[in-house]
């Protein structure tokens, strides 16, 4: 199994600002995933972060809006840039191990 | 059409009831199938994997029909603690998951 921690657990931000979310895993993993879960909806994959290469973004998500870092095999960051109220959501970090997907506790973001 | 579609719910059932959730997927190349459970304000957690032969874990039974591209989850003898949102998850490539919108179950005393 994998234990994932995220920081911050929640934040309230003003529009136009940026927030960086940190994800730490207790084991080395090749791929880390960033998801968004908007209120009342299911999870949508934002991007896949591989160590040593650029992240791969899903349709509808771009690097300028959601830059990702992956400096080593246990850590990643997701930045939500130039925020608007539409970015209010829960952002979850995830890894896969033993045919199971593990999620961090999420970062609950509210943009005013 | 969504890649993964679930019963919209919500399901409100009394304790002890049997409830079934259905899920269909559109990509015939899908490889792996799962049911996840998400409690309110918590992250999703794996409930069970789904195999063509079907699998059972206590009160929970999952079935996969590849020909019909259909997945089901049956919960018998519902408990109050089963109240949650149940997510159907389909993988086409290693580590890349597509989630259904979830079906919310409320079990009432």
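Residue by residue, here is whether (1) surrounded by fewer than 18 Cβ atoms within 10 Å (Cβ to Cβ); (2) within 25 Å of residue B:38 (Cβ to Cβ) holds:
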residue	(1), (2)
A:60	yes, yes
A:71	yes, no
A:84	yes, no
A:88	yes, yes
A:94	no, yes
A:98	yes, yes
A:104	no, yes
A:111	no, yes
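Among the residues of segment B:71-109, those that are part of a strand (DSSP E or B) and more than 20 Å from residue A:43 (Cα to Cα) comprise B:74, B:75, B:106, B:107, B:108. Quick one: which of A:28, A:41 is assigned to a loop (DSSP other than H, G, I, E, B), at the interface with chain B (Cβ under 9 Å from one of its Cβ atoms) and at negative phi? Exactly one of A:28, A:41 is assigned to a loop (DSSP other than H, G, I, E, B), at the interface with chain B (Cβ under 9 Å from one of its Cβ atoms) and at negative phi, namely A:41. Residues in segment A:61-84 that are part of a loop (DSSP other than H, G, I, E, B) and closer than 21 Å to residue A:16 by Cβ: A:61, A:62, A:63, A:64, A:65, A:66, A:67, A:81, A:82, A:83, A:84. Tallying residues that are modelled with pLDDT under 90 and within 14 Å of chain A (Cβ to nearest Cβ) within segment B:41-66 yields 2.
Set side by side, the residues A:30, A:20 differ, and just one is over 27 Å from residue B:37 (Cα atoms) and touching a strand residue (DSSP E or B) at 6+ places or on another chain (Cβ under 8 Å), which is A:20. Against the criterion of being within 14 Å of chain A (Cβ to nearest Cβ), more than 20 Å from residue A:96 (Cα to Cα) and touching a strand residue (DSSP E or B) at 6+ places or on another chain (Cβ under 8 Å), residue B:7 qualifies.
Just name the residue that is modelled with the lowest pLDDT out of those in segment A:33-49 that are closer than 18 Å to residue B:39 by Cα and buried (at least 18 other Cβ atoms within 10 Å of the Cβ). The qualifying residue modelled with the lowest pLDDT is A:42. Checking each residue in segment B:71-109 for being more than 14 Å from chain A (Cβ to nearest Cβ) and loosely packed, with under 14 Cβ neighbours inside 10 Å picks out B:77, B:79, B:80, B:81, B:108, B:109. When B:53, B:49, B:83 are checked against the criterion of being within 30 Å of residue A:50 (Cβ to Cβ) and without any contact (Cβ under 8 Å) to a residue 40 or more places away in the chain, B:49 stands alone in meeting it.
If you go through segment A:87-112 and keep only what is more than 9 Å from chain B (Cβ to nearest Cβ), outside any loop (DSSP other than H, G, I, E, B) and at pLDDT 95 or above, you end up with A:87, A:89, A:91, A:93, A:107, A:109, A:110, A:111.
The values are calculated or read from the model by the stated rules, or taken from the named source; none is laboratory data. Everything quoted here is computed from the prediction, not taken from an experiment. No Cβ is skipped: glycine too gets one built from the backbone with ideal geometry, and neighbour counts run over all protein chains shown.
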